1. Just checking, how many residues over the range 25-36 are outside any loop (DSSP other than H, G, I, E, B) and either touching a residue at least 12 places away in the same chain (Cβ under 8 Å) or touching a helix residue (DSSP H, G or I) at 6+ places or on another chain (Cβ under 8 Å) (or both)?
2. Against the conditions (1) touching a residue at least 40 places away in the same chain (Cβ under 8 Å); (2) buried (at least 17 other Cβ atoms within 10 Å of the Cβ); (3) of a type outside the set (Ser, Thr, Tyr); (4) assigned to a helix (DSSP H, G or I), where does Asn87 fall short? Just the number, please.
3. May I ask you to list pairs of residues, at least six apart or on different chains, whose Cβ atoms are under 7 Å apart, with the first in the range 11-24 being more than 13 Å from Leu45 (Cα to Cα) and modelled with pLDDT of 95 or more and the second being part of a loop (DSSP other than H, G, I, E, B) and small (Gly, Ala, Ser)?
4. Could you please give the count of residues in the range 21-60 that are among the β-branched types (Val, Ile, Thr) and buried (at least 17 other Cβ atoms within 10 Å of the Cβ)?
5. Give the residue that is surrounded by the fewest Cβ atoms within 10 Å (Cβ to Cβ), with candidates limited to residues of the range 73-84 that are out of contact with any Leu (no Cβ under 9 Å at 6 or more places or on another chain) and either β-branched (Val, Ile, Thr) or closer than 15 Å to Leu45 by Cα (or both).
6. Yes or no: Ser70 touching a residue at least 24 places away in the same chain (Cβ under 8 Å) and either outside any strand (DSSP E or B) or touching a Leu at 6+ places or on another chain (Cβ under 9 Å) (or both)?
7. All but one of (1) at pLDDT 95 or above; (2) under 17 Å from Ala73 (Cα atoms) hold for Met1; state the number of the condition that does not hold.
8. Looking at Lys16, Lys12 in this structure, which one is among the basic types (Lys, Arg), in a loop (DSSP other than H, G, I, E, B) and farther than 14 Å from Ser66 by Cα?
Amino acid sequence: MKDITVEELKIKFDTKEDLILLDVREPVEHQSFNLGGTLIPLGNLINQMDDFEELKEKEVIVYCRSGKRSATAKSFMVEKGFKNVRNLEGGVLDWISKGLS
């Protein structure tokens, strides 16, 4: 599945698309700034995959600080059978740097 840019995600927010967002950062990062995603730190994702079985066919956007941890999360989720996982390219840093808040 093709990754998503911050600009594309902003359009989804603006058009009020129903989104499934997973934030794979640590709690302190999530508290300081977040895009409204469900917090599941990357280290916990493996143990919580069963909680997301119903999302295997839906579009899921994963994000982190820079896009590296979320790329790892995407790869893991695809290996587990998720069909439509997208990584937020550049992560929260790109979102903030472009003033999209």
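The values are calculated or read from the model by the stated rules, or taken from the named source; none is laboratory data. Everything quoted here is computed from the prediction, not taken from an experiment. All Cβ positions, glycine included, derive from the backbone under ideal geometry; neighbour counts span all protein chains shown.
1. First, pick out the residues of the range 25-36 that are outside any loop (DSSP other than H, G, I, E, B): 27-32.
Add one more test, that the residue is either touching a residue at least 12 places away in the same chain (Cβ under 8 Å) or touching a helix residue (DSSP H, G or I) at 6+ places or on another chain (Cβ under 8 Å) (or both), and what stays is 27, 29.
Of the residues in the range 25-36, 2 are outside any loop (DSSP other than H, G, I, E, B) and either touching a residue at least 12 places away in the same chain (Cβ under 8 Å) or touching a helix residue (DSSP H, G or I) at 6+ places or on another chain (Cβ under 8 Å) (or both).
2. With (1) touching a residue at least 40 places away in the same chain (Cβ under 8 Å); (2) buried (at least 17 other Cβ atoms within 10 Å of the Cβ); (3) of a type outside the set (Ser, Thr, Tyr); (4) assigned to a helix (DSSP H, G or I) applied to Asn87, the lone miss is (4).
3. That search, which allows pairs on different chains as well, returns Leu21/Gly36; Leu21/Gly37.
4. Applying the first criterion (among the β-branched types (Val, Ile, Thr)) to the range 21-60 yields 24, 28, 38, 40, 46, 60.
Right, trim to buried (at least 17 other Cβ atoms within 10 Å of the Cβ) and you get 24, 40, 60.
Within the range 21-60, residues that are among the β-branched types (Val, Ile, Thr) and buried (at least 17 other Cβ atoms within 10 Å of the Cβ) number 3.
5. This residue is Glu79.
6. Working: touching a residue at least 24 places away in the same chain (Cβ under 8 Å): yes; either outside any strand (DSSP E or B) or touching a Leu at 6+ places or on another chain (Cβ under 9 Å) (or both): yes.
Against the criterion (touching a residue at least 24 places away in the same chain (Cβ under 8 Å) and either outside any strand (DSSP E or B) or touching a Leu at 6+ places or on another chain (Cβ under 9 Å) (or both)), Ser70 qualifies.
7. Condition (1) is where Met1 drops out.
8. Details: Lys12 fails: in a loop (DSSP other than H, G, I, E, B).
The conditions single out Lys16.
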